[in-house]
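S.K.: Pasting in a structure now, in structure tokens, and then I'll have a few things to ask.
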Amino acid sequence: MGSVKYAFAFLLVGLLLAWLAIQNLWLGLLFWPAISFLVVSLAYFRQDVRYFGKRTDGSRNLFATAVLLPYLLFARGVWELQILFEKRPAWHQVTERVIIGRRLKENELPANVVGLLDLTSELHDLPAIKNRAGYACEPVLDAGTLAVTTALKWADHVRQLPDGVFVVHCANGSGRSGHVVAIWLLAWELADSPEEAIAQVQAARPLVRLNRLQTTQVYLAHQFVFSNRKPAT
């Protein structure tokens, strides 16, 4: 539901900018942001993160960057304003191994990081973070979800890492990263139910709020994990 709201919001912004652009020759440059927001709207309507052109190494292809630059600058500006007035910690530790947080700056990284998973599609991590060993990106639309099989694949990967902490982040450290970590808790048998998994994540980071789609994904993951769990002998 949240994604649909975003889709309509970006559609309205794009149409408004296009209307302004045709009203006056001097406003013609608004066609660029108009196209940018309309493409983002299409991405949300179609639930297709590929429109953002973000790769698994955190980079973005040049065509997507050129088309989406006005929106990307807008998203970055909104994020900067949010953290400017934010009084909450940038990250919280959920388990001995896993840290959940918002997009981090280099000086905010916890010690002994052995890996980092970026779940944003609209932002990018700083080069000093992207270039670290163990960095990867699984772009997800804001208010969207990561495929259950992909989330479980990452649960296995994190479990096999050497000693240290693994950071998973989205823009604000709320829904996208929250539902993924909840799925990991189920996979690692640290929670017996979706409700317990979500509650554990929220207890660690109260900012975490899952929408209906993200909550459903945690339930689907629980069913998948339970159906594939070997009975005790």
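S.K.: Would you mind checking which residues have amide H under 5 Å from L116's amide H? H placed 1.01 Å from N; only 5 or more apart, or other chain.
M.R.: The answer is Y135, A136, V167.
S.K.: So, one more: Rank these for me by crowding, V4, V167, V49, going from fewest to most other beta carbons within 10 Å.
M.R.: Fewest-to-most ranking of V4, V167, V49: V4, V49, V167.
S.K.: Along region 175-182, what does the Karplus equation 6.51 cos²θ - 1.76 cosθ + 1.60 (θ = phi - 60°) give for ³J(HN,Hα), rounded to whole Hz, x for Gly and Pro?
M.R.: Result, ordered by residue: x, 5, 6, x, 6, 5, 5, 4 Hz.
S.K.: Related question: Output the 0 to 90 degree angle, nearest 10, between the alpha-carbon long axis of helix 148-159 and the longest principal axis computed from the alpha carbons of the chain.
M.R.: So the inclination is approximately 60 degrees.
S.K.: A further question follows. Please work out which option in (1) 75, 36, 32; (2) 58, 45, 30; (3) 58, 50, 34 gives Cα extents along the principal axes in Å calculated from these coordinates, and answer with its label.
M.R.: Checked against the structure: label (1).
S.K.: Here is a follow-up. Roughly speaking, what is the stretch gain from R229 to Q200, that is 0.36 nm per residue apart minus the C-alpha to C-alpha distance, in nm to one decimal?
M.R.: Difference between extended and current length: 8.3 nm.
S.K.: Can you compute the modelled spin-label distance between V114 and R46, with each label point 7 Å from Cα toward Cβ, in nm?
M.R.: 4.0
S.K.: What is the angle, in °, between the Cα long axis of helix 212-228 and the longest principal axis of the Cα atoms in the chain? Nearest 10 is fine, range 0 to 90.
M.R.: That helix lies at roughly 30 degrees to the long axis.
S.K.: Placing +1 at every Lys and Arg Cβ and -1 at every Asp and Glu Cβ, with all other atoms neutral, what dipole size does region 36-150 have around its Cα centre, in debye to the nearest 20?
M.R.: Here region 36-150 has a charge dipole of around 80 debye.
S.K.: For a test of understanding, tell me how many lysine pairs in the chain have Cα atoms under 23 Å apart, given they are 8 or more places apart or on different chains.
M.R.: Close lysine pairs under the 23 Å cut-off: 8.
S.K.: Can you give the Rg to Rh ratio of region 91-228, both from alpha-carbon atoms, with Rh computed by the Kirkwood formula?
M.R.: Result for region 91-228 is an Rg/Rh of 0.93.
S.K.: Using Cβ contacts closer than 10 Å as the measure, can you line up W32, W154, W184 from fewest to most?
M.R.: Listed from fewest to most nearby Cβ atoms, that is W32, W154, W184.
S.K.: Moving on to the next point. Report the full-extension gain for the segment K105 to D163: residue separation times 0.36 nm, less the Cα-Cα distance, to one decimal in nm.
M.R.: Using 0.36 nm per residue and subtracting the Cα-Cα distance, I get 18.6 nm.
S.K.: Where Rh is the Kirkwood radius over the Cα pairs of region 2-84, the temperature 10 °C and the viscosity 1.306 mPa s, what D in µm²/s does Stokes-Einstein return?
M.R.: Taking Rh from Cα pairs, D becomes 119 µm²/s.
S.K.: Sticking with the crude label model, points 7 Å out along Cα→Cβ, report the distance from R132 to I22 in nm, one decimal please.
M.R.: According to this spin-label approximation, the distance is 4.8 nm.
S.K.: Out of residues 5 or more away from N172 or on other chains, whose amide H comes under 5 Å of its own, with H placed 1.01 Å from N in the peptide plane?
M.R.: Placed amide hydrogens put R103 under 5 Å from N172.
S.K.: Residues with amide H under 5 Å of R209's amide H, sequence separation 5 or more or different chain, H placed in the peptide plane at 1.01 Å from N; which?
M.R.: Excluding prolines and chain starts, which carry no amide H, the hits are G175.
Values quoted throughout were computed directly from the atomic coordinates according to the rules given, and no laboratory measurement underlies them. Predicted model, so just to flag it, every value in this text is computed and none were measured. As a convention, Cβ positions derive from the backbone with ideal geometry for all residues, glycine included, and neighbour counts pool all protein chains shown.
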